[in-house]
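Right, one structure below, let's go through it.
Just so it is clear, none of the values below were taken in a lab; they were calculated from the coordinates. What you see is a predicted model; the values in this text were computed from it and never measured. Here the Cβ is made from the backbone with ideal geometry for all residues, glycine too, and neighbour counts use every protein chain on show.
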Amino acid sequence: MGLDEGTYDQREAILAPAPARLSWQLNLPENSRFETAPAAFDAEGEVEFEVALTSSGVRHVVGQRKLSQSHVWNEWRIDLSQFRGAVKIELTTRSTHDTPLAAWGSP
């Protein structure tokens, strides 16, 4: 998915029109990190991107970022080294406006 004609910056992406919540069960090795490059399209106002992990029954928000209309992928690395073993990861998008198209690039 490219962001603008002629940028040549294309990536695999998970589309998550706000509001959306995606989750997976994972087994994290030691010293893990989560890397993504979120972007927002057709956004009036901001889109909030949130990454949370549930470990031992406790939900931890490990990253939050707000973006307005993007024309570039926004590189984001989140240190998950404090977690390991069985976890649930959640990727959430929120907006106060009509369903903007949000994407988690290269997750």
### Task
Kindly state, to the nearest 0.05, the FRET efficiency for Ser68 paired with Ser106, given R0 = 22 Å and r defined as their beta-carbon distance.
0.60
#### Entry: Exposed trypsin sites (Lys or Arg not before Pro) absent: longest stretch of the chain, with sites in DSSP loops and at most 16 other Cβ within 10 Å deemed exposed
12-83
### Task
Sketch the reach of a paramagnetic label on Thr96 as a point 7 Å from Cα along Cα-to-Cβ, and name the residues of the range 41-67 whose backbone nitrogen lies under 14 Å away.
44-48, 66-67
### Task
Would you work out the relative contact order for the chain, in percent, from Cα pairs under 8 angstrom that are 6 or more residues apart?
45 percent
### Message
Here are a few candidate values for Cα Rg over 2.2 N^0.38 Å: (1) 1.30; (2) 1.09; (3) 2.05. Which one was actually calculated from the structure I just gave you?
### Response
(2)
